[in-house]
Amino acid sequence: MKRAAAEILREYGPFPGVEAVHGVTFDGHNVWFASGDRLNVLDPESGKPVRTIDIPAHAGTAFDGRYLFQLFEKNIRKIDPKSGRVLATIPAPGNGGDSGMAWAEGSLWVGQYREKKIHQIDPETGAIIRTIQSNRFVTGVTWVDGDLWHGTWEGDNSELCRIDPKTGEVLEELAMPPGTGVSGLESDGKDQLFCGGGPSGKIRAVKRPKRSATAG
């Protein structure tokens, strides 16, 4: 397994009225993050919030290219990002123990923190398609260039882990500075990983390590 210190490129926040950052996603232009009682839209260039949607948002957030998905209690809500209207609700696989969430390959991928699992689920029904067992606590989840990453947070220690999507084996680990937690996690599709900072109220952009075309 490859180990390295995470390279933090930029910190955003804390933001007015935001006590904690939970889920994080990226729509190709802006970062969306959950902060308990609302979803917030952040311009990553200026570092300034540009919009909010008043909706309960205490855990993972995902974007499928058109709609947002937000974990809420034991369910996942599908949300129109333009109007903020809830379009559909499906059951979450962790029955309330869910953490991070991502969109990839036409499916939602939902982390379960204490169970150390990531579930691939049908976004229409919530049915579990398959389950990946990690050996670490799972916070945020993201896919980028065929790689599956998840955050982990235990005590004062937090890492970003790239895992084998078939076996769950940790292939690479980026250690965050002590006391720097990772709640939500999302890739910008390029060379950055956006990390929610939990009760710090911050979002951190971490450099994604480059890999050769034959690696992994």
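The values are calculated or read from the model by the stated rules, or taken from the named source; none is laboratory data. Not measured: the values here are computed from a predicted model. No Cβ is skipped: glycine too gets one built from the backbone with ideal geometry, and neighbour counts run over all protein chains shown. What goes into the accessible areas is simple: the full protein's heavy atoms, side chains included, and nothing from ligands, DNA or RNA. Shrake-Rupley method; radii C 1.70, N 1.55, O 1.52, S 1.80 Å.
The table below gives the values:
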item: Extended-chain gain in nm, criterion 0.36 nm per residue less alpha-carbon gap, Glu11 and Arg211; result: 69.6 nm
item: Solvent-accessible heavy-atom area per residue, rounded to whole Å², over the chain at 1.4 Å; result: 46
item: Separation of alpha-carbon centers, region 144-216 and region 1-79, rounded to whole Å; result: 15
item: Cross-link reach list, lysines versus Lys210, counting only Cα pairs under 17 Å and skipping chain neighbours closer than eight places; result: Lys2, Lys190
item: Amide proton proximity set for Leu148, modelled H, under 5 Å, gap of 5+; result: Ile163
item: Using θ = phi - 60° and Karplus 6.51 cos²θ - 1.76 cosθ + 1.60, couplings along region 66-72 (whole Hz; Gly, Pro as x); result: 9, 10, 9, 10, 10, 5, 8
item: Average Cα contact separation per residue, region 23-169, under 8 Å, 6 or more apart, as relative contact order %; result: 13
item: Accessible area of region 2-207 belonging to carbon and sulfur atoms, whole % at 1.4 Å probe; result: 46
item: Note, ³J(HN,Hα) from phi for region 82-93, Karplus 6.51, -1.76, 1.60, rounded to Hz, x at Gly and Pro; result: 7, 9, x, 6, 7, 9, 7, 9, 10, x, 7, x
item: Cβ-derived FRET efficiency at R0 25 Å, Lys190 paired with Asn75, nearest 0.05; result: 0.20
item: Hull volume in cubic angstrom per residue (convex hull over the Cα atoms of region 2-207); result: 102
item: Proximal lysines to Lys74, defined as alpha-carbon separation beneath 20 angstrom and excluding residues fewer than eight positions away on the same chain; result: Lys116, Lys117
item: Amide hydrogen neighbours beyond the local backbone of Ala88, cut-off 5 Å, H modeled; result: Lys78
item: Charge dipole (region 2-207, unit charges on Cβ, about Cα centre) - positive-most of Tyr67, Thr152, Gly196; result: Tyr67
item: Scattering profile of region 1-91 at q = 0.12, 0.21, 0.22 Å⁻¹ [log10 I(q)/I(0), Debye over alpha-carbon scatterers]; result: -0.39, -1.00, -1.07
item: Leading residue at positive end of dipole, region 23-124 (Cβ point charges), from Trp103, Gly36, Pro93; result: Gly36
